[in-house]
Structure formats: C-alpha cells, structure tokens
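> Following this message is one structure expressed as structure tokens.
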Amino acid sequence: MSAIHLFIPHYRVEEVLGEIRECLETGWTGLGFKTLAFEQAWRKYTGLPHAHFVSSATAGLHLAVRQLKEAGGWRADDEVITSPLTFVSTNHAILYENLRPVFADVDEYLCLDPASVAARVTPRTRAVCFVGLGGNVGRFPEISELCRRRGLRLILDAAHMAGTWLEVEGERRHAGWGADVAVFSFHAVKNLPTADGGMVCFSDGALDREARKWSWLGINKDTFSRTQSSTAYRWRYDVEHVGFKYHGNSVMAAMGLVGLRYLDEDNAVRRRLSAVYDAELAGQADVLPVPMAPECLPARHLYQVLVEARDEVMATLNEQEIFPGVHYRDNTEYPMYSHGYGTCPHAQQAGHRVISLPLHLVLDDDDVRRVARALVDIVEARRILGRS
Ligand SMILES: *Cc1c(COP(=O)(O)O)cnc(C)c1O
C-alpha cells in the first residue's frame, strides 16, 4: 500500500511552464506585467474591488494590520480580537505592529464565536481578525454585523478561502466581501498553490494605494510603470516611507494565473472527496467531522475531524502509512501568546482533538475510504479496549 499524505500540490506543469516561459523570454520576472495580470484576474474572479499581489499571506496580513492602524490612528497596545486556532502568521501580524492580540473562543466551525468576540470588546478594541479555517465561513456574517455595530475594523485571514463562496442576501459573494481587508495565501500547501504568494484585498482604494507603496520599500512608483513612462526622468522616484519588501513577483504570479483557471474545478474535487469522508464517517459517535457553515460553498482546504486521544490515533495512522496533519495547536499554548492561556476552552480542547485528514487532488475515492476506515477501526479498537 502506498503512503497517503496530507497535502500534495498539483500543478498543470506544461501550462505553468508556458506562463513562466513568457516571463523568461521577455526578461521580466519581478513586479510587473504578470503580477498585474494576476491581480486583474483575481479581481474579476472574486468581484473584490482591489487586489494587491504580495510575497506571502504573512506579508499581506502585516500590511493589512499596518494600513488599518495607520488610517485609524491606533496606538501601541490597542487590541485586536483574534482566533487562537490558526497559523501563527495571523497573530504575529498583530504583534508586528505592537498591538495586543486578544483571543476569543471558537464555535463548532472552529471559527471565531460571535458571542465570545462580543464579550472581549473593550474601549481599546480596534479590530477583529477572523480566520476562515479550512475554507469555512463559520459565523462570519454575524461577526461582520457586530463589527459594523461596534465601529470595529474587520480583517479576514482568508489563507484557506480561495474559491470560498457565500450567499449574502440572495447574492453569491466571494470570501472577503464584507471585510475591510481579506488576505489570501498561495503557499505551496494551500488550495491555490504557487510556491509562495498572497493577495491582500482592501475594500478601500486609498488603503490599497498606500499598501502598494509600503510593499515596495515606501517607493511611490513601481519599476514597471517607470519603464512605461515617456519622460526622460523615468529613473526618478520618491521614497515616502520606511517600507517593506513585500510585493510579489511575475514567476509566482504566472503560477497563480494557471491555478486560478482551475480553482473552481479543483475545489469541486475537494468537496466531492469531502462528501466521501462524510458518508464513511456518518453515524460514528467517536469521530466528529467539523461542520461547514450552511449557505457557503467552501473551498474545502481542509477536512477536519475531532477525536479523543488524537496523538495516539495519529501515530497509529502513521503506522499504516497514512499521514494526516493538525490545524492548529491552540496558539495560547505557545510561550509568546501565553497571556491568553485558559481563556478559550473550546479552542484548547479542539487543539488537542483535531485532525486534518488527507485531502488533495491526487487522491481518489478509494484512498479516502482507506483513510476513513482506518480511522474508524482505530477509534473503535480503542473504545473496545476501554481507551487503554
Ligand atoms: C498559511 C497560512 C498563513 C500564512 O500564509 P503564507 O502565505 O505562508 O504566509 C496565514 N494564515 C493561515 C490561517 C494560514 O494557514
């Protein structure tokens, strides 16, 4: 039996090489024509008004927090309510700007629980950062309404949400709609894989324009538009800020352009494989799939279940050449976020029970059945042995 891994990125190699070849033949691999084409294609696909291609979602989250802080006149130690059940990038981005991450608990979707968020709002709260775990929408619409009512900014960590659609007042909207800024990831293990890359989508055009300067060292004009200029001074530019080197490049954008063409198709495969897991695991009281929010067509970046004795169950799966993952450990268990330890009991419990089962485009239905049956057998055997 061959090994079954959590993620294997799948690339349309010839088509990707064709797009990259164009970068190489024109001699333009940096910020330029392909990054602009990818941004344009992303705006067209999502319907979001602005899209800025950056080197990673981590860079994009930092830009997102930074621009909102600057625009809102936030001060050091102002608070951002965030999820403890996420990749650390989400919360590092808050700390990069010397703001304080305040952890709220998660609900059955493993996304921020609106009641817990409401209970954490203080006079120093400036924003909420919602993570669409596994491509799920959770109770994002309620959080969005809460932010509107309380005058808070809303940041969406959409690293798992490329191609997640939701229904808002009868309209089909891409994830990011209703947030002040949404940040997507195109890292190699995400559901629209390049090698590394991200997209930061502000709802406000002024913030998008500012972010473009900050992502290129504070320089106010990019090289590409300078070479297009007809003036004799096209080598000149101004430096307005101590900015960062966060912009994306044309080779990664070339990979992203191809992935975007197949995103809906690929996510449909993920949803189909997820339905096979659902059918296999239906009625198993000791293996609980994390539900997807209704009225959402999720990207299905992850298929997650909750089990007791997770670490032992994972080790036994590994013995059978099945290699699932964990998304995520409760961040308040890390020393640097320990100020939140014990404040989010549901997230803490989920952090000890959650498993992400293998889900990628190289799997077929039989692979999924093998994983599900192995999992059920292990959990069943433990139950019979009295969880020894
Ligand atoms: C992967 C991930 C990120 C960071 O994405 P990069 O593009 O690797 O920087 C941020 N948040 C979540 C939830 C992620 O899974």
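The values are calculated or read from the model by the stated rules, or taken from the named source; none is laboratory data. Remember, it's a predicted structure, so these values are computed and weren't measured experimentally. FYI the Cβ positions are ideal-geometry reconstructions off the backbone, even for glycines, and counts take in every protein chain you see. For accessibility, only protein heavy atoms count, side chains too; no ligands or nucleic acids. Shrake-Rupley method; radii C 1.70, N 1.55, O 1.52, S 1.80 Å.
> Could you give me D for the range 229-388, from Stokes-Einstein at 37 °C and 0.692 mPa s, where the hydrodynamic radius is the Kirkwood radius over C-alpha pairs? Units µm² s⁻¹, please. Each step should come with its number before you reach the end.
Working: Rh = 19.2 Å.
The Stokes-Einstein estimate is 171 µm²/s.
> Can you give the FRET efficiency to the nearest 0.05 for residue 5 and residue 150, using r as the Cβ-Cβ distance and R₀ = 30 Å? Present the calculation step by step, with values, prior to reporting the outcome.
Numbers: r = 43 Å, r/R0 = 1.43.
Once the sixth-power term is evaluated, E becomes 0.10.
> With all protein chains present and a 1.4 Å probe, how do 177, 235, 42 order by accessible area, largest first?
Values: 177 100, 235 160, 42 0 Å².
Listed by decreasing accessible area, they come as 235, 177, 42.
> Something else about it: If you take every DSSP beta bridge whose two residues both sit in the chain, what share of them, in percent to the nearest 5, is antiparallel?
Restricted to the chain, the bridges split so that about 55 percent are antiparallel.
> Given contacts defined as C-alpha pairs under 8 Å and at least six residues apart, what's the relative contact order of the chain, whole-number percent? Before the final figure, lay out each step's value.
Numbers: 796 pairs, mean separation 91.0, N = 388.
The value is 23 percent.
> Right, something else. What is the gain in length, in nm to one decimal, between residue 262 and residue 98 on full extension, counting 0.36 nm per residue of separation less the C-alpha to C-alpha distance?
On the way: separation 164, 0.36 × 164 = 59.04 nm, distance 3.91 nm.
In short, 55.1 nm is gained.
> What does a probe at residue 272 reach in the range 345-367, counting residues whose amide N is under 17 Å from the point 7 Å along Cα→Cβ?
359-367
> Here is a further query. Keeping the other protein chains in place, figure out the carbon and sulfur percent of the accessible area of the chain, with a 1.4 Å probe.
Details: 8610 of 16680 Å².
Here it works out to 52 percent.
> By how many nm would the segment from residue 377 to residue 206 grow when fully extended, if each residue of separation counts as 0.36 nm and the alpha-carbon distance is taken off?
On the way: separation 171, 0.36 × 171 = 61.56 nm, distance 5.55 nm.
Stretched fully, the residue 377-residue 206 segment lengthens by 56.0 nm.
> If you rank 255, 161 by how much accessible surface each has, with a 1.4 Å probe, what is the order from largest down? Present the calculation step by step, with values, prior to reporting the outcome.
Numbers: 255 30, 161 5 Å².
Ranking 255, 161 by accessible area, largest first, yields 255, 161.
> Same structure again: Starting from the Cα of residue 17, step 7 Å along the direction of its Cβ; do the same at residue 71; then give the gap between the two resulting points in nm.
4.3 nm
> Using a simple charge model, +1 on the beta-carbon of Lys and Arg, -1 on the beta-carbon of Asp and Glu, nothing else, what dipole does the chain show about its Cα centre, in debye to the nearest 20? Write down the numbers at each step before the final one.
Numbers: 42 positive and 49 negative charges, 245 e Å.
Here the chain has a charge dipole of around 1180 debye.
> Also, quick follow-up: Work out, step by step, the length gained on full extension between residue 336 and residue 44: first 0.36 nm times the residue separation, then minus their alpha carbon distance; give nm to one decimal.
Working: separation 292, 0.36 × 292 = 105.12 nm, distance 3.95 nm.
Roughly 101.2 nm would be gained on extension.
> Set the Förster distance to 41 Å, then compute FRET efficiency between residue 142 and residue 235 from the Cβ-Cβ distance, nearest 0.05. Walk me through the intermediate numbers first.
Values: r = 52 Å, r/R0 = 1.26.
After rounding, the FRET efficiency stands at 0.20.
> Here is a follow-up. Can you give the helix-only mean residue ellipticity at 222 nm for the chain, where every DSSP H stretch with n ≥ 4 adds -39500 (n - 2.57) and the sum goes over all residues, rounded to the nearest 500 deg cm²/dmol?
Details: 13 runs with 156 residues, N = 388.
So the calculated ellipticity at 222 nm is -12500 deg cm²/dmol.
> Rounding to the nearest 10 and keeping the result within 0 to 90°, find how far the Cα-based axis of helix 205-214 lies from the longest principal axis of the chain.
Orientation of helix 205-214: about 80 degrees from the principal axis.
> Note the angle between two axes, namely the Cα long axis of helix 57-72 and the longest principal axis of the Cα atoms of the chain, as a number of degrees from 0 to 90, rounded to the nearest 10.
With both axes taken from Cα atoms, the answer is about 60 degrees.
> Percentage of Cα-Cα pair distances in the range 1-159 greater than 19 Å, rounded to whole percent? The partial results should precede the final answer.
On the way: 7919 of 12561 pairs.
Tail of the P(r) past 19 Å holds 63 percent of the pairs.
> So who's got an amide H within less than 5 Å of the one on residue 4, skipping anything under 5 residues away but keeping other chains? H placed 1.01 Å off N, in plane.
322, 323
> Heavy atoms of the protein only, probe of 1.4 Å, neighbouring chains included. What is the accessible area of residue 377 in Å², nearest 10?
Here the residue's solvent-accessible area equals roughly 100 Å².
> Quick one: in the chain, what % of C-alpha pairs are over 31 Å apart? Write out the running numbers ahead of the final one.
On the way: 28890 of 75078 pairs.
Here the long-distance tail beyond 31 Å is 38 percent of all Cα pairs in the chain.
> Under unit Cβ charges (Lys, Arg +1; Asp, Glu -1), what dipole magnitude, rounded to 20 debye, does the range 263-388 have relative to its Cα centre? List each step's numbers first, then the result.
Details: 13 positive and 20 negative charges, 67 e Å.
Using only the charged Cβ atoms, the result is roughly 320 debye.
> Hey, can you find the accessible area per residue of the chain for me, probe 1.4 Å, expressed in square angstrom? Provide the component values of the computation, followed by the final result.
Details: 16680 Å² over 388 residues.
Per-residue value: 43 Å².
> If I take R0 = 51 Å and measure r between the Cβ atoms of residue 88 and residue 321 in this structure, what FRET efficiency does the formula 1/(1 + (r/R0)^6) give, to the nearest 0.05? Can you show the working numbers first?
On the way: r = 29 Å, r/R0 = 0.57.
After rounding, the FRET efficiency stands at 0.95.
> Going by a ≥ b ≥ c, the root eigenvalues of the Cα gyration tensor, does the range 143-273 fall in the rounded group (a/c under 1.5), the prolate group (a/b larger than b/c) or the oblate group? Walk me through the numbers on the way to the answer.
Details: a/c = 2.53, a/b = 1.42, b/c = 1.78.
Because a/c hits 1.5 or more and a/b fails to exceed b/c, the range 143-273 counts as oblate.
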